[in-house]
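The values are calculated or read from the model by the stated rules, or taken from the named source; none is laboratory data. Worth saying up front: this structure is predicted, and the values here are computed from it rather than measured. Quick reminder, even Gly has a Cβ in these numbers, built from the backbone with ideal geometry, and neighbours come from all protein chains shown. Heavy atoms of the whole protein, side chains included, go into the accessibility calculation; ligands, DNA and RNA do not. Shrake-Rupley method; radii C 1.70, N 1.55, O 1.52, S 1.80 Å.
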Amino acid sequence: MSETTATLPVNESPSEQQELDKVIIRFAGDSGDGMQLAGTRFTDASAAFGNDLATFPSFPAEIRAPAGTLAGVSTFQVQIADFDILTPGDEPDVLVAMNPAGLKSNLKDVRPNGTIVVNSEAFIERNLHRAGYDKNPLEDGSLDSYRIISAPMETLTKEAVKETGVTGREVLRSKNFFALGLMAWLFNRPLDPTTEWLEKKFSKRPEVLNANLAALKAGWNFGLTTDAARTTYSVKPAKLEPGTYTNVTGNTAMAWGVIAAGQAAKLPVFYGTYPITPASDILHELSRHKNFGVKTFQAEDEIAGIGATVGAAFTGHLAFTGTSGPGLALKSETISLALMTELPLIIIDVQRGGPSTGLPTKPEQADLLFSIFGRHGEAPMPVLAAKSPSDAFAITIEAARIALKYMTPVIVLSDNSIATGSEPWNLPDVSKLPDISKPFLTGPNAGDEYLPYLRDPQTFARDWAVPGTPGLEHRIGGLEKQEVTGNVSYDPNNHQLMIDTRAWKIANIANDIDPVETDGDPDAKLLVLGWGSTYGVIQGAARRLLKRGVPVATAHLRHLNPFPANLGEVIRSFEKVLIPELNMGQLRHLIRAEYLVPAIGFNKVSAEPFKVSEVEKKILEIIES
Amino acid sequence: MTTLNYKRADFQSDQEVKWCPGCGDYTILASVQSYMAEMGVAREDVVFISGIGCSSRFPYYMNTYGMHSIHGRAPAIASGVITANPDLSVWVVTGDGDALSIGGNHLIHALRRNVNLKILLFNNQIYGLTKGQYSPTSEVGKTTKSTPLGSIDFPFNPVSLALGADASFVARTLDMDRKHTIEILKRAHEHEGTALIEIYQNCNVFNDKAFNALTGKEERDFNQIRMEDGEPIIFGPDREKAVVIENGVARIVDTNSVDPSQIHVHDSHQVNPSMAFALSRLSSHPDGPTPLGIFRDINRPVYDREVSRQIEAVTEKRGPGDLQKLIASQGTWTVE
Ligand code: SF4
């Protein structure tokens with residue numbers, strides 16, 4: 001089977017081939033149609049081909065929403081380019097719609113005169129009705145301004161797989177590979193990466209392997225033989241920085257960052273957590289790599305997830321817990337315990353739309369203020385945020401560095417678009433990871449005495465004495481600690497001192513993190529300041545404007561508490577500051593409060609990331625106002 | 001390693017003990033410290049984790065590693081400690097409010113997983129630290145500050161609850177009976193897996209004499225049902241009462257009203273928990289005859305050991321992880 005599909009000539013086409021610098025493709029279908037898989041395979045083939053790319057998967061919260069309905073539509077958008085891009089793009093050039101609902105809910109985003117690839121057989125009465133169409137859009141002329149490539153995907157898939165031994169419902173499962181084959185033809189993508197992936201994935205189920213390969217090939221052949229489109233397209237490899245690249249999602253990069261942090265700290269890793277969308281994939285990935293000495297603990301609830309993490313931190317593991325918004329709320333009390341006991345641990349929050357259960361599968365920069373302030377009492381702690389899928393790796397190591405050096409819990413923020421989105425990542429040489437180890441205390445730290453709350457004069461961190469160490473037996477807990485001894489203390493002056501000390505310890509970290517850097521035009525009057533997943537769109541918008549000669553500068557924060565020491569100076573050197581955020585203005589609140597500047601917000605909470613064009617428009621509006 | 005030659009004082013910390021005078025917690029502390037001296041585990045390998053409540057001050061008074069944590073969460077935190085280092089001897093000290101109300105979920109899941117924790121549940125049937133509200137083990141009708149008309153909450157039977165969660169070791173003892181307490185502590189330590197020990201503890205300030213039926217000079221001989229492995233369960237000052245189990249239900253009968261072969265012979269090692277459960281239902285409350293001793297003591301895989309075993313097995317099979325290979329494992333391409 002495999003050799004026939006793998007050797008299809010990549011450039012064989014009866015039609016002309018046109019070179020594009022970038023293209024945006026969106027796959028849309030029922031959540032059972034396998035669109036995420038088709039999208040990921042197309043992405044990996046493009047990655048292997050050397051394109052720069054960025055992806056944005058979006059799916060309903062329900063695992064199987066009612067078939068054929070708008071609510072059940074699952075999409076995967078990918079932008080591929082021959083240059084350095086940072087976002088999955090605004091308007092798809094091509095929409096693959098596996099059913100009427102997929103067409104209806106995505107058509108508004110497709111660029112004028114774009115291409116629409118449809119499974120014509122799904123456009124039947126019942127599906128049209130479910131999607132809210134009175135007439136068949138394939139026949140009523142409403143799509144005349146688009147180029148339509150229509151294929152009877154079900155008949156052709158059935159035909160293709162009939163010799164392979166799959167039966168019943170399995171037969172039509174392969175139709176996403178038909179669609180993928182057709183797209184591979186249209187965009188001159190190599191089939192080998194997909195073939196290899198299928199061979200690995202289904203090595204134990206040859207009939208499914210063969211069916212998928214057959215459908216893939218049939219899709220390609222359909223394009224070739226019917227001359228489905230006059231023109232096929234190619235996007236050349238991008239000229240990225242030299243290096244070895246992989247295509248990585250934020251959740252995977254974060255899981256690898258957890259493992260890497262353990263190695264950089266020379267400590268075994270503990271990951272205590274409770275399943276929650278969209279953070280669970282970090283647990284899944286870590287569970288697969290126990291030979292790195294990783295202990296994963298799937299707890300009975302969010303509280304136990306972090307509770308066990310506190311226990312592991314006390315016992316000398318590099319301890320992480322992962323969650324999303326509602327889980328962070330549940331963990332709040334235990335985070336305070338970690339803060340009071342001054343134990344190093346890292347809390348990963350993959351943000352999603354809130355409040356309450358909110359929008360579990362949609363991106364929102366929902367929890368910045370909650371991360372910084374969401375604890376009872378005076379409870380400052382470091383908060384960091386990844387700016388892109390691949391940055392999730394480095395930011396996790398940075399969080400562990402701060403947690404260990406300062407003996408404190410640290411929150412790292414990701415969000416749904418970082419977690420499930422992907423981008424090429426220039427792989428680091430892991431032998432050059434920083435040494436972030438914090439040696440355990442092995443004997444008395446004050447003459448012949450051990451004082452649990454004696455502090456390092458520079459960092460104010462206490463020593464880490466773990467169970468099993470003779471002579472250092474001690475008790476810690478949530479009650480206020482007496483300075484130095486760590487005994488319970490109700491002394492009011494001591495409480496003031498300890499609150500001041502804990503605050504100073506965290507504030508001082510500002511001197512130990514990279515200063516914020518500005519990009520773009522240093523003489524611009526406007527600074528666009530961002531944090532987290534808006535990095536790509538802000539850069540994208542600024543680059544477009546700079547190309548047109550519009551002066552604008554940008555800066556992006558990875559450290560949200562404390563802020564980099566030079567942030568105030570940077571902000572004050574511009575006349576205006578614009579802060580685009582996928583929330584109602586959380587960073588804006590912080591910046592206004594901290595620096596007393598009239599920062600301007602650009603805010604959106606409509607379950608999707610910013611479009612580059614939106615941010616670009618807003619920047620122009622502010623500059624011209 | 002140095003030979004362990006501890007005295008009780010080696011396990012006493014320098015902190016002043018601050019329970020109310022006359023509280024049952026003092027006796028339990030003394031029993032635990034005495035047992036620690038003879039347990040045969042190095043002091044640095046002993047960890048006490050507690051939640052919140054009067055009993056949860058316990059770790060401060062133990063000269064071992066310890067954490068006085070937050071309300072109800074001790075089993076979760078202790079699970080992290082023992083999973084990180086299965087060679088430690090980890091003890092959880094908790095109360096009826098801490099373990100059965102706010103922390104009920106963590107308790108049953110620790111029992112279900114069979115994490116190697118020794119859980120000492122000080123049951124005084126009242127909230128002491130918050131000054132006298134009814135607890136999840138208070139009897140129906142109890143008048144407290146929060147139930148001036150009498151409690152309408154039906155209480156838990158902690159032993160039945162633990163058996164229902166498939167706990168591998170469940171026992172009950174009395175604060176006053178130091179010898180019995182120490183014997184149970186020893187058996188719990190020797191047991192591999194979670195051990196739940198319910199300790200009836202007198203709160204002389206808010207719920208005095210709650211266990212009088214079992215501790216009062218006049219009453220105790222009539223009401224203490226001592227369970228010993230291999231022995232028929234017979235009790236009373238003149239051994240005039242006995243326990244029979246029929247159709248899964250345990251009953252108290254006059255010893256001479258039944259054939260001796262009908263009297264239940266205790267076996268805590270029975271894998272099937274039905275007999276242990278039947279015994280636990282003999283008393284819904286300690287105001288009459290109440291079983292004391294070990295209800296269940298069986299072997300099944302221990303969570304923290306299994307975690308380490310899986311890691312060892314997969315490392316043996318695949319070799320230690322190579323991070324550079326891992327980050328390249330999803331396919332790579334090279335840009336020159
Ligand atoms: S309130 Fe009751 S349980 Fe608490 S210390 Fe006083 S006597 Fe003991």
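Can you tell me which residue in segment B:2-29 is surrounded by the most Cβ atoms within 10 Å (Cβ to Cβ), limited to those that are assigned to a helix (DSSP H, G or I) and within 14 Å of the ligand (Cβ to nearest atom)?
Here the answer is B:ASP25.
In segment A:407-418, which residue that is assigned to a helix (DSSP H, G or I) and open to solvent by less than 10 Å² (accessible area, probe 1.4 Å) is farthest from A:PRO326 (Cα to Cα)?
Ranking the candidates gives A:ILE418 first.
Yes or no: segment B:262-275 includes at least one residue that is away from the ligand (no atom under 16 Å from the Cβ) and within 30 Å of B:THR130 (Cα to Cα).
no
Kindly provide the set of residues from segment A:475-489 that are within 11 Å of chain B (Cβ to nearest Cβ), open to solvent by 10 Å² or more (accessible area, probe 1.4 Å) and either under 22 Å from B:ILE77 (Cα atoms) or in contact (Cβ under 8 Å) with a residue 60 or more places away in the chain (or both), ordered by number.
A:ARG475, A:GLY478, A:LEU479, A:ASN487, A:VAL488
Go through segment B:33-63 and give me each residue that's away from the ligand (no atom under 16 Å from the Cβ), buried (at least 24 other Cβ atoms within 10 Å of the Cβ) and not in a helix (DSSP H, G or I).
Correct list: B:VAL47, B:PHE48, B:ILE49, B:MET62.
For segment A:424-442, state whether one or more residues are modelled with pLDDT under 95 and on the phi < 0 side of the Ramachandran plot.
Checking segment A:424-442: at least one residue is modelled with pLDDT under 95 and on the phi < 0 side of the Ramachandran plot.
Which pairs turn up if I take residues in segment A:311-331 that are facing another protein chain (nearest Cβ under 7 Å) and look for partners that are part of a strand (DSSP E or B) and surrounded by 24 or more Cβ atoms within 10 Å (Cβ to Cβ) with beta carbon separation below 7 Å, at least 6 apart in sequence or on another chain?
A:ALA312/A:PHE270; A:ALA312/A:GLY272; A:ALA312/A:ALA319; A:PHE314/B:MET67; A:HIS317/A:VAL269; A:HIS317/A:PHE270
Mind checking whether some residue in segment A:248-257 is open to solvent by 10 Å² or more (accessible area, probe 1.4 Å) and either more than 7 Å from chain B (Cβ to nearest Cβ) or in contact (Cβ under 8 Å) with a residue 60 or more places away in the chain (or both)?
Yes, segment A:248-257 contains a residue that is open to solvent by 10 Å² or more (accessible area, probe 1.4 Å) and either more than 7 Å from chain B (Cβ to nearest Cβ) or in contact (Cβ under 8 Å) with a residue 60 or more places away in the chain (or both).
Have a look at A:ASP281, A:ASP391 and point out the one that is more than 26 Å from A:THR501 (Cβ to Cβ), of a type in the set (D, E, K, R), away from chain B (no Cβ under 11 Å) and out of contact with any helix residue (DSSP H, G or I) (no Cβ under 7 Å at 6 or more places or on another chain).
None of the others qualify; the one that does is A:ASP391.
How many residues are more than 29 Å from A:ILE348 (Cα to Cα) and open to solvent by less than 10 Å² (accessible area, probe 1.4 Å) when one looks only at segment A:542-565?
Qualifying residue count for the region: 4.
Just to be sure, is B:VAL81 away from the ligand (no atom under 16 Å from the Cβ), over 15 Å from the mean Cα position of the chain (by Cα), open to solvent by less than 10 Å² (accessible area, probe 1.4 Å) and within 14 Å of chain A (Cβ to nearest Cβ)?
yes
Being of a type in the set (Val, Ile, Thr) and within 11 Å of chain A (Cβ to nearest Cβ) is the filter; apply it to segment B:98-122 and report the residue that is nearest to the ligand (Cβ to nearest atom).
Result: B:ILE102.
Taking A:LEU156 as meeting all but one of (1) within 37 Å of the chain's Cα centre (by Cα); (2) on the phi > 0 side of the Ramachandran plot, write down the number of the exception.
(2)
I'm told B:GLY95 meets every condition in (1) within 16 Å of the ligand (Cβ to nearest atom); (2) modelled with pLDDT of 95 or more; (3) out of contact with any strand residue (DSSP E or B) (no Cβ under 7 Å at 6 or more places or on another chain) except one. Can you identify the failing condition by its number?
It is condition (3) that B:GLY95 fails.
Only one of these conditions is not met by B:ARG73: (1) away from every other protein chain (no Cβ under 14 Å); (2) touching a Leu at 6+ places or on another chain (Cβ under 9 Å); (3) free of Cβ contacts under 8 Å to residues at least 40 places away in the same chain. Which number is it?
(1)
Yes or no, residue by residue, for (1) touching a Cys at 6+ places or on another chain (Cβ under 6 Å); (2) more than 30 Å from A:GLU616 (Cα to Cα); (3) more than 14 Å from chain B (Cβ to nearest Cβ):
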| residue | (1), (2), (3) |
| --- | --- |
| A:ASP456 | no, yes, yes |
| A:GLU473 | no, yes, no |
| A:ASP491 | no, yes, yes |
| A:ASP514 | no, no, yes |
| A:THR518 | no, no, yes |
| A:SER533 | no, no, yes |
| A:GLN539 | no, no, yes |
| A:ARG544 | no, no, yes |
| A:VAL552 | no, no, yes |
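Given the criterion assigned to a helix (DSSP H, G or I) and touching an Asp or Glu at 6+ places or on another chain (Cβ under 9 Å), identify the matching residue among A:LEU546, A:LEU590, A:LEU527.
Criteria check complete, one pass: A:LEU546.
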